[in-house]
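Visitor: Mind looking over this structure? Questions follow.
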């Protein structure tokens, strides 16, 4: 049975790459960075919505109680 040379796989496309590399080319790195930014933005939006859902109702209720 033949053994394969030590290698890893690109985290975006799965192509075989060297042990010390993370991406097979610049395009995969750009795609990965773009997906990271998009995921970070979605997390921030989700967090802001959750905060609004938790904080906004008591504020609105207190304003209604004051007759505003």
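The values are calculated or read from the model by the stated rules, or taken from the named source; none is laboratory data. Note that the structure is predicted; figures quoted are calculated from it, not measured. Using ideal geometry, Cβ is built from the backbone for each residue, glycine included, and neighbour counts are taken over all protein chains shown.
Visitor: Residue 13 - would you say it is touching a strand residue (DSSP E or B) at 6+ places or on another chain (Cβ under 6 Å), surrounded by 11 or more Cβ atoms within 10 Å (Cβ to Cβ) and not in a helix (DSSP H, G or I)?
Guide: no
Visitor: Assess whether residue 48 counts as being modelled with pLDDT of 90 or more, touching a strand residue (DSSP E or B) at 6+ places or on another chain (Cβ under 7 Å) and surrounded by 10 or more Cβ atoms within 10 Å (Cβ to Cβ).
Guide: no
Visitor: Check whether at least one residue in the stretch 21-35 is over 30 Å from residue 5 (Cβ atoms) and surrounded by 10 or more Cβ atoms within 10 Å (Cβ to Cβ), and report yes or no.
Guide: Within the stretch 21-35 (the criterion being over 30 Å from residue 5 (Cβ atoms) and surrounded by 10 or more Cβ atoms within 10 Å (Cβ to Cβ)), the answer is yes, since at least one residue qualifies.
Visitor: Do you know which residues across the stretch 1-10 are part of a loop (DSSP other than H, G, I, E, B) and over 18 Å from residue 33 (Cβ atoms)? Lay out the reasoning, then the answer.
Guide: Kept after step one, since they are part of a loop (DSSP other than H, G, I, E, B), are these residues of the stretch 1-10: 1-7, 10.
1, 2, 3, 4, 5, 6, 7 - these are the residues of the stretch 1-10 that are part of a loop (DSSP other than H, G, I, E, B) and over 18 Å from residue 33 (Cβ atoms).
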